[in-house]
Amino acid sequence: MDLTTRYLGLTLAHPVVASASSLSGTLDGVRRLAGGGAAAVVLHSLFEEELAAEADRHAALAEAGNDRFAESLSFFPALHDGEVTPRAYLSLLERAVAAVDVPVIASLNGTTPGGWTSYARALEAAGAAAIELNTYAAPGGVHVSARDVERLVLDAAVAVKGAVAVPVAVKLSPFLSSAGELAAALDGAGVDGLVLFNRFLHPDLDPERLAPVPGIGLSHPSEGRLARTWIALLYGRVRASLAGSTGVASADDVVRYLLAGADVVMTASALLRHGPAHAGALVDGLTAWMRRKGFDDLTALRGMLAVPSEPDEAADERARYVAALHAANARSYAPW
């Protein structure tokens, strides 16, 4: 049985990829993910704010040395264990690439173009098989327009894509005025892949402590429905690779994404819950399903349940929506 797939121009042994998480934040974690069966590993994200902070430190050191001696301009503070800095990230990337025999994809988290291009080149030089831009756009005011948010994402992707030769994927948010339009614009700009979707970490409010509570949690399988809807709509309409990236808990979830049209299926929460070896369990489950259904390779099933080009996709989606409501109503009011 052939599980080989192509993603971002890379040939992968199968479609299960370890998404960015704390597991891929250390060399041991990357080794465990690769050993557990992941076909590729996305390193934990380096944040735009961390790039800016290091640039500010370097600028302050350079200015402090102007009136002293030239050698001071090459001095940088020593790193502490576990400290996340751009230099530490590059070191992890280099070591991870040397340690595992699956592609290692670097991840940058932010929205603005500034400062990313030079660092993207450094990631490429360090051996990244590809670069994933995790565009976590969360405007802090009511006066930022939807068009401005989407323009930031597009400009950042175009800047990074123009700076490197390795493939570039963009991880999108589902909370966009038109995710499809932005996906098409990114595709037209030459982006190599689209990852649907990242997850906002919604905070809550504690009525006893009168304080906000961080909203950090693992994904639930039901969260994959929205991503699969968009993948089913984009399949066959964009050139870019498509990756499903939320709500992946079981082999059935992997199959659902492939049927919608995904080239790869990324998971983090399931690996955090069950350990890196769960990637291999997902692959085994996919293999068993394909054998049971009579599929010999992924090309035969990929996109089987995507939205067809004809009729118009809007009409097709409307028909599915109406059918789903009728089915739900029939169940709700059926006699006991």
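Annotations for the structure displayed:
- Mean Cβ count within 10 Å, highest first, over the residues of peptides 30-36, 239-245, 145-151: 239-245, 30-36, 145-151
- Backbone HN-Hα couplings from phi across segment 161-169 [Karplus 6.51/-1.76/1.60, Hz, Gly and Pro as x]: 4, x, 9, 10, 9, 6, x, 10, 10
- For the listed peptides 260-266, 85-91, a ranking on the average number of other beta carbons within 10 Å per residue, highest first, reads 260-266, 85-91.
- Rounded if a/c under 1.5, otherwise prolate or oblate - segment 206-288, Cα gyration tensor axes: oblate
- Put Lys161, Lys293 in order of accessible area, highest first, and with a 1.4 Å probe you get Lys293, Lys161.
- Per residue, segment 194-252 exposes an accessible area of 54 Å² to a 1.4 Å probe, with every protein chain left in place.
- Put simply, the amide H of Glu132, placed in the peptide plane, has neighbours under 5 Å in Ala106, Ser107, Leu108, Ala169, leaving out anything fewer than 5 places away on its chain.
- In terms of its alpha-carbon gyration tensor, segment 212-252 comes out prolate; a/c meets the 1.5 threshold, and the first ratio a/b outweighs b/c.
- In this structure the amide hydrogen of Leu194, modeled in the peptide plane, comes within under 5 Å of the amide hydrogens of Val170, Ser241, Leu242, Ala243, none closer than 5 places in sequence on its chain.
- Rounded if a/c under 1.5, otherwise prolate or oblate - segment 165-246, Cα gyration tensor axes: prolate
The values are calculated or read from the model by the stated rules, or taken from the named source; none is laboratory data. Bear in mind that the values here come from a model prediction, so they are computed numbers and not experimental data. FYI the Cβ positions are ideal-geometry reconstructions off the backbone, even for glycines, and counts take in every protein chain you see. Accessible surface is based on the protein model in full, side chains and every heavy atom, while ligands, DNA and RNA are left aside. Shrake-Rupley method; radii C 1.70, N 1.55, O 1.52, S 1.80 Å.
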